[in-house]
Each structure stands twice: as C-alpha cells, then as structure tokens.
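Everything below concerns the one structure shown next.
The values are calculated or read from the model by the stated rules, or taken from the named source; none is laboratory data. Remember, it's a predicted structure, so these values are computed and weren't measured experimentally. With ideal geometry, Cβ positions are generated from the backbone for all residues, glycine too; neighbour counts draw on all protein chains shown. All accessible areas refer to the heavy atoms of the entire protein, side chains included, with ligands and DNA or RNA removed. Shrake-Rupley method; radii C 1.70, N 1.55, O 1.52, S 1.80 Å.
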Amino acid sequence: MQTPGQIREQLSRGAANRRFQSGLAEIEAWLAAASAREMLRIDYYARQARYPVPVLGRAKEWKLKNATPVVAALASMHPDGRLREQAVRVLCASAGAVSDRALAVRVTDHVEVVRELAEGEVLRRTTLAQAEQIVPLLQRISRRGRGSGVLARYLRAVVAAQDEASVWETLRSSGDFDLRRTAFRRSFESGLLGLPDAVRLLPRERDQVVRRLLIGVIADSATPDVIAEQLLRGRSAESRVLGLVKLTAAQLDPVEVEQLLLDRSVLVRLWARLRWQEMGRDPVEVYAAVARSSATLMVRARAYAGLTESGTEIDRAEIVELAQSSDLALKKTGLSLLRGKAVAEEVPWLLTEMTGEHSRVARLAGEVLSSSPQLWSVEDLAVLKDSADPALQLRGWWLHRSLGGWEAVIADLESGVLRGRLVLPMYFQPTAAQQQRISDLLDTLSLGRNQVSEIMFAAGLAR
C-alpha cells in the first residue's frame, strides 16, 4: 500500500501531464490496478484541501473538453465540486475500467448533484466485466453514510440484466478479499452453492475466511464418512478439530484418532485425547510408547508434549537428556519441560545455551533460569552482558530484568538505553548493595533532572 506522500506524488504527476498525454498510461494503469480500499484512499488524498493549492492544481486550469477517461477520472477527485460534476458528465460518456471505478467512487460524493449523476450511470453499467470493477468499491462505500444503499440497488440491477448464478460466480473470483468472502457467503445462503461444491473447493482454497466457511458447510451437512475424509485429513488444524468435535467416538476410526494424538496442533491433540478416552483407551500409553520409540524426532517431541498435556510426570533425568539433545526439536521440548526443575550445576550449561545462534533455544534456556532465580546470581550473567554481540547483551538484560523489583531497575540503568519509562518498585527500598549500584549508575548516565530525583527519592538515596 502506498504512503500518502507517494499517492500525492502520483496525483501531481498525472495533473502535470494531463495536457500533453505523456505519462498518462502509467496513471491509468495505477488507477485501474488499485484495490477498492486504495482507490478510496487516492480519492481522499486528492480532495484534501489543507494545502494552499490542491494536489491536482487549481480548478480553473482544468479543461475537460475532449478529455480522455483518465484525465476525467483525475478531475473527478478534485476538491472543487463544479469540476467534479463536469468530470462525472465526461465519465458518463466514456467506457473502460478507469471510468467504471471513478464513477463508483463518486456515489459517495458530498455534493448531491454529483452523487446522483454518478449513481444513475453506475446503475446502467451492468455487464459482468463492469460489475467486477464497480462492486468492490460499492461494498466499501456501503459501510459509509452517503451512498451506502447503492450496493443493494446495483446488485439488483446486475442480477436483472444477467442471471444470478453468473453474477455471484464472477464475484467469487474477484481479487478483492472482502468481496470474494461476501460472494461465497451469499452463494451458500442463497443455495447457489451446496455441499458438493464445498467438498470440491476446500482442498485448494487458500483464504482462511472462505476455508472456514467451507469447513462449516461440510461439518453441518455432510455424512460422517465425508467429514472424516475432508476434515480429519484436512490441511488446517481448524478442520481437524471440527471433525473431531462433530464425530462421536463410535463414528471415528481408531487409527485416525491415534495419529491425531500426535498432531502438531495443541487443540487437535486435546480433542483426540477426549475421543481416545471415550473409546476406552489411554492416551498416555500411546505418548509414552512413541516418545521412547524410533519415530521421527519431531513426532517424538510431540509425544513428550502430549505426555505433559496429559498431566504425566516425566523423570528429570530424561528431561535433561532431551534438553541436551543435539536435535533442535527434542532440545526445545526438553528445555520447555525443565522449567522449575533445574539444579545449580546446570546453570553454566544453560547460560551457554543462551549464547547460541538459535533464538528460540536461547529464550527457552532463559525461561528455565528465570523460573529458578535462586540458582544463579547477577554476576553469572557477565558471559551475556559483557559480550560484544548486542543480541547477547539484550538476552542478559532480559534475564537480569526477570528478577524484578529493584534489580529490574538496575538492569534498565545498566543497559544505558531506557526502554520507556522506568517502573520503580513501590512499598520497599533497595538493599544497601543495590542502593550503591544505583548511585554509581546515576553518576554515569545522562538522565533528566526530574527523572534522577524521582529514582533517588524512591531508592532512599541522599541528594
């Protein structure tokens, strides 16, 4: 999406070239390719009157006799109402995508005569090609005050001129996401599309909103075997969850449910466990067997996650072995399970993990340390805070700050760059060592006088 400055630059270029026709092909392509949202933004910035001279120049400089559609389209966005009226009359006598779109924009004009002229001509442009250009804009305008009712009138006119099935089929292929989603919803509500269409379209649908609509149609009206085929084996976690919700334990294949116990989605695993238990089986047995099997490392990692989600206690030695694994998936699983279970001897190794190149592993190792602050001291963080790498310094700052209280304030002061306003602890003062550290840091930092006074007062330091 273009910035306001880029839009104004394009508009200025178009206004400058209107007499010579040079460069107008670029402007025409720009207006024809802009999305409905962008087209309305272009109109908004074109009509802004906060400048001494409008972006499109002075109205008296525009001559629309024998003007091309692109010149008339630019003029139709000028702040001057009389010029917009003249431009709309020129557009009414022209054809093409730019003309269709420029007229559709003007149905929301604040000048009544302009609005009526534009609406009257728009309602006469009822071919499928014209509807592709006009409907996306009218749908956006329907959320406004002026021109909000034009969309319904236009759709009635297009359906009367064409047939309803062709109209909605055309709109379902629109490149405008909002319109395409509305077209699919309307098509199912009116019966133009049904269950067979949802089954046919779902495998290749990429839009999440449309896919959710298709999944809902299948879940509400398909037979259990179709739901199992289309939803349980679907690409999206949403479809697999809905399949498990809709089908009872008696309707499910135990082989499929067992596979879903190890799904990558937490919610799918949850529902798979519920259905597995309804079948009279224990999910923990499956997770334990897979976790210690020769399955792929990613599947084993999910099995360990399933054990944790089931409330199963895993031996600490096994967790440490996972956390020290050379495989990234198992390492992340082990570190996740190690929170609150680390011992002092593991602090150096965890700090080393925090210096690694994998940010997620470093974060998990930091979370293990932050969950057991009694195992380490601020001095242990030197390996991070004294590093030349800014990323490692940031990790050290984060871990130091996780101690909370006045240590969080000291961490912020040590960083040298205060990230927002300091949040000073209330109701308790720092220790003598913390007071000395704060005092030393305040001597080295260039802070505002008021901020220094506030810190010193809260910390109980003499001025």
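Checking Met426 against (1) surrounded by fewer than 14 Cβ atoms within 10 Å (Cβ to Cβ); (2) in a helix (DSSP H, G or I), which single condition isn't satisfied?
The number of the failed condition is (2).
Please determine whether any residue of the stretch 317-330 is closer than 30 Å to Ile410 by Cα and aliphatic (A, V, I, L, M).
Restricting attention to the stretch 317-330, the residues satisfying the condition of being closer than 30 Å to Ile410 by Cα are none.
The answer is no; no qualifying residue exists.
Checking the structure you have, find out if any residue of the stretch 3-21 is hydrophobic (A, V, I, L, M, F, W, C), surrounded by 16 or more Cβ atoms within 10 Å (Cβ to Cβ) and not in a helix (DSSP H, G or I).
So in the stretch 3-21, the residues hydrophobic (A, V, I, L, M, F, W, C) come out as 7, 11, 15-16, 20.
Remaining after also requiring surrounded by 16 or more Cβ atoms within 10 Å (Cβ to Cβ): 7, 11, 15.
Narrowing further to those that are not in a helix (DSSP H, G or I): none.
No; the residues of the stretch 3-21 include none that is hydrophobic (A, V, I, L, M, F, W, C), surrounded by 16 or more Cβ atoms within 10 Å (Cβ to Cβ) and not in a helix (DSSP H, G or I).
Mind listing whichever residues of the stretch 202-221 are more than 14 Å from Arg180 (Cα to Cα) and not small (Gly, Ala, Ser)?
To start, the set of residues in the stretch 202-221 that are more than 14 Å from Arg180 (Cα to Cα) comprises 202-204, 215-221.
Scanning the stretch 202-221 gives Leu202, Pro203, Arg204, Ile215, Val217, Ile218, Asp220.
Determine which member of the set Ser142, Ser94 is under 32 Å from the mean Cα position of the chain (by Cα), at pLDDT below 95, among the hydroxyl-bearing types (Ser, Thr, Tyr) and surrounded by fewer than 24 Cβ atoms within 10 Å (Cβ to Cβ). Give the derivation first.
Working: Ser94 fails: under 32 Å from the mean Cα position of the chain (by Cα).
Matching residue, one of Ser142, Ser94: Ser142.
Output the residue which, of all residues in the stretch 101-118 that are open to solvent by less than 10 Å² (accessible area, probe 1.4 Å) and charged (D, E, K, R), is nearest to Ile134 (Cα to Cα).
Filtering first and then ranking leaves Arg106.
Before we move on, is Arg185 of a type in the set (Lys, Arg), open to solvent by 20 Å² or more (accessible area, probe 1.4 Å) and over 21 Å from Met39 (Cβ atoms)? Working first, answer last.
Details: of a type in the set (Lys, Arg): yes; open to solvent by 20 Å² or more (accessible area, probe 1.4 Å): yes; over 21 Å from Met39 (Cβ atoms): yes.
Spelling it out, Arg185 is indeed of a type in the set (Lys, Arg), open to solvent by 20 Å² or more (accessible area, probe 1.4 Å) and over 21 Å from Met39 (Cβ atoms).
Criterion first (under 30 Å from the mean Cα position of the chain (by Cα), assigned by the TED database to the domain that holds Arg84, among the hydrophobic types (A, V, I, L, M, F, W, C) and assigned to a loop (DSSP other than H, G, I, E, B)) does Met39 satisfy it? Can you show your working first?
Working: under 30 Å from the mean Cα position of the chain (by Cα): yes; assigned by the TED database to the domain that holds Arg84: yes; among the hydrophobic types (A, V, I, L, M, F, W, C): yes; assigned to a loop (DSSP other than H, G, I, E, B): no.
Here the answer is no, as Met39 does not meet what is asked.
On the basis of being closer than 21 Å to Ser370 by Cα and open to solvent by less than 20 Å² (accessible area, probe 1.4 Å), does Gly340 make the cut? Quick ask: steps written out before the conclusion?
Numbers: closer than 21 Å to Ser370 by Cα: yes; open to solvent by less than 20 Å² (accessible area, probe 1.4 Å): no.
So Gly340 fails the test.
Answer with yes or no whether Gly396 is open to solvent by less than 60 Å² (accessible area, probe 1.4 Å), within 28 Å of Ser359 (Cβ to Cβ) and out of contact with any Leu (no Cβ under 8 Å at 6 or more places or on another chain). So that I can check it myself, show each step before the final result.
Values: open to solvent by less than 60 Å² (accessible area, probe 1.4 Å): yes; within 28 Å of Ser359 (Cβ to Cβ): yes; out of contact with any Leu (no Cβ under 8 Å at 6 or more places or on another chain): no.
Considered against the rule, which asks whether it is open to solvent by less than 60 Å² (accessible area, probe 1.4 Å), within 28 Å of Ser359 (Cβ to Cβ) and out of contact with any Leu (no Cβ under 8 Å at 6 or more places or on another chain), Gly396 comes out as no.
Could you tell me which of the residues Ser359, Ser310 is at negative phi, modelled with pLDDT under 95 and touching a Pro at 6+ places or on another chain (Cβ under 7 Å)? Walk me through it before giving the result.
Working: Ser359 fails: touching a Pro at 6+ places or on another chain (Cβ under 7 Å).
Checking each option against the conditions leaves just Ser310.
Does Leu123 meet the test of being surrounded by fewer than 21 Cβ atoms within 10 Å (Cβ to Cβ) and in contact with a Phe, Trp or Tyr (Cβ under 7 Å, 6 or more places away or on another chain)? Before the answer, list the steps.
On the way: surrounded by fewer than 21 Cβ atoms within 10 Å (Cβ to Cβ): yes; in contact with a Phe, Trp or Tyr (Cβ under 7 Å, 6 or more places away or on another chain): yes.
It is true that Leu123 is surrounded by fewer than 21 Cβ atoms within 10 Å (Cβ to Cβ) and in contact with a Phe, Trp or Tyr (Cβ under 7 Å, 6 or more places away or on another chain).
In the stretch 343-362, how many are crowded, with 16+ Cβ neighbours inside 10 Å and part of a helix (DSSP H, G or I)? It would help to see each step written out before you state the result.
At the first step, the residues of the stretch 343-362 found to be crowded, with 16+ Cβ neighbours inside 10 Å are 346-347, 350-351, 353-355, 361-362.
Still in the list and also part of a helix (DSSP H, G or I): 346-347, 350-351, 353-354, 361-362.
Final tally of qualifying residues: 8.
Could you grab me the full set of residues in the stretch 192-228 that are open to solvent by 20 Å² or more (accessible area, probe 1.4 Å) and within 23 Å of Thr126 (Cβ to Cβ)?
Once the filter is applied, which keeps residues that are open to solvent by 20 Å² or more (accessible area, probe 1.4 Å) and within 23 Å of Thr126 (Cβ to Cβ), the stretch 192-228 yields only Leu192.
Under 7 Å between Cβ atoms, at least 6 apart or on separate chains: pull out the pairs that start in the stretch 67-81 with a residue that is over 14 Å from Ala46 (Cα atoms) and end on any residue that is at pLDDT 90 or above and in a loop (DSSP other than H, G, I, E, B).
If the second residue must be at pLDDT 90 or above and in a loop (DSSP other than H, G, I, E, B), the pairs left are Pro69/Ser94; Pro69/Gly96.
Mind listing just one residue for me: the one in the stretch 369-381 that is surrounded by 18 or more Cβ atoms within 10 Å (Cβ to Cβ) and in contact with a Gly (Cβ under 8 Å, 6 or more places away or on another chain) and, of those, farthest from Ile410 (Cα to Cα)?
Only one residue tops the list, namely Ser372.
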